[in-house]
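Below you'll find the structure, written out as structure tokens, and then a few comments.
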Amino acid sequence: MPESLIVRPAPKARHVFTIQAELLPVPVGWALLPPGDAALSRRIKHDGPTWTVKEKKGRKEFSRGIWAPADRIESLRIILECERADPAYTKKLEAGRTRRAQQEVAYSEDFTAALRDTLNFHPRYRLLADRMAALISQHATPVGSGTVARTKRIPIEQRAQAAIIAWLRHQTTAYDNMHIPREKGARREVRRGLAKESKRLLQSYRDGTRIDVEQCPLQKAIR
């Protein structure tokens with residue numbers, strides 16, 4: 001019985017590459033379940049060995065489907081279709097959506113509060129901090145945004161700090177239009193330098209320093 005694997009697409013029909021770049025033939029009797037039905041995909045993976053196809057393009061990874069026994073795919077598809085035809089299934093789905101929506105609202109509020117606490121602006125700039133926290137939260141918290149706000153691997157305070165620096169990098173510096181050499185560590189070094197600039201800017205607002213509104217990149221970004 002084949003084991004479950006994460007594999008890469010191969011140009012040869014019904015073949016895949018392993019993570020170690022070994023070319024493997026797809027087992028006889030297996031079919032490719034295209035991406036798109038998350039519920040069926042979860043059941044297929046839970047039910048037995050599968051080969052999950054992922055393709056990396058640049059820094060992003062895309063799902064290209066799941067290889068699994070064709071009869072198992074069809075059997076689970078039929079079971080799921082029957083469940084979905086039951087009104088109780090629809091009711092359960094709606095309850096789940098409502099619960100997740102409530103959780104997202106609560107998380108957005110918590111993250112916005114963490115942003116305000118992390119900004120920690122002088123009372124003179126409290127309204128600016130509120131506006132900035134709201135803008136960053138709107139950008140960073142939606143499901144699927146792919147931002148640091150969506151990770152649970154670090155505390156919310158660290159997520160807030162990272163989200164602020166990322167937002168400032170894109171909104172108050174020339175980062176998006178910079179030509180950065182394709183050298184290892186070059187982009188990281190540029191980001192590190194820009195982060196220092198952003199932290200200096202933030203410190204001015206924390207100290208309550210009087211700011212030239214017309215010249216401040218943060219003021220321009222907030223407008």
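For the residue pair Lys54 and Arg150, what label-to-label distance in nm results when each label sits 7 Å from Cα along the Cα-to-beta-carbon direction?
Here the answer is 1.4 nm between the modelled labels.
What's the local net charge at Thr118, with K and R +1, D and E -1, over the other residues with C-beta under 12 Å away?
+2
Excluding residues on the same chain fewer than 8 positions from Lys199, give the lysines whose Cα lies under 28 Å from its Cα.
Lys152, Lys184, Lys220
Helix 87-119 against the longest principal axis of the chain: what's the angle in degrees, Cα atoms only, rounded to the nearest 10?
Helix 87-119 sits roughly 30 degrees off the main axis of the chain.
What list of ³J(HN,Hα) values in whole Hz, one per residue of the range 61-76 in order, does the Karplus curve 6.51 cos²θ - 1.76 cosθ + 1.60 (θ = phi - 60°) give from phi, with Gly and Pro shown as x?
10, 10, 7, 10, x, 10, 7, 7, x, 4, 5, 5, 4, 5, 5, 5
Expressed as an acute angle from 0 to 90° and rounded to the nearest 10, what is the orientation of the C-alpha long axis of helix 126-140 relative to the principal long axis of the chain?
20
Need one number: convex hull volume per residue for the chain, Cα atoms only, in Å³.
So the per-residue Cα hull volume is 171 Å³.
Does anyone have the angle between helix 156-172 and the longest principal axis of the chain? Alpha-carbon axes, 0 to 90°, nearest 10?
Relative to the chain, helix 156-172 is tipped by roughly 70 degrees.
Answer rounded, prolate or oblate for the range 94-222, using the Cα gyration tensor with square roots of eigenvalues a ≥ b ≥ c: rounded when a/c is under 1.5, else prolate when a/b is larger than b/c, else oblate.
Because a/c hits 1.5 or more and a/b fails to exceed b/c, the range 94-222 counts as oblate.
Given the rule -39500 (n - 2.57) for each run of at least 4 DSSP H residues, summed and divided by the residues of the chain, what is its mean residue ellipticity at 222 nm, to the nearest 500 deg cm²/dmol?
-18000 deg cm²/dmol
Over what distance in Å are the Cα centres of the range 1-77 and the range 166-223 separated?
Cα centres, the range 1-77 to the range 166-223: 42 Å.
How would you rank Thr50, Thr173, Thr209, Thr147, going from fewest to most other Cβ atoms within 10 Å of each one's own Cβ?
The order, fewest Cβ neighbours first, is Thr209, Thr147, Thr173, Thr50.
Top mean-square fluctuation among Lys92, Lys56, Lys152, Gaussian network model of the chain, C-alpha springs under 10 Å?
Sorting by GNM fluctuation, first place goes to Lys56.
Compute the distance in nm between two label points, each set 7 Å from the Cα along the Cα-to-Cβ direction, one at His46 and one at Cys216.
Spacing of the two 7 Å Cα→Cβ label points: 5.2 nm.
Taking amide H positions as placed 1.01 Å from N in the peptide plane, with prolines and chain starts having none, which residues 5 or more places from Val7, or on another chain, fall under 5 Å of its amide H?
Hits under the 5 Å cutoff: Thr52, Val53, Lys54.
Read-outs: derived from the displayed coordinates by stated rules, not from any lab. Bear in mind the structure is a predicted one, so any value in this text is a computation, not a measurement. Cβ: placed from backbone, ideal geometry, glycine included. Neighbour counts: every protein chain shown.
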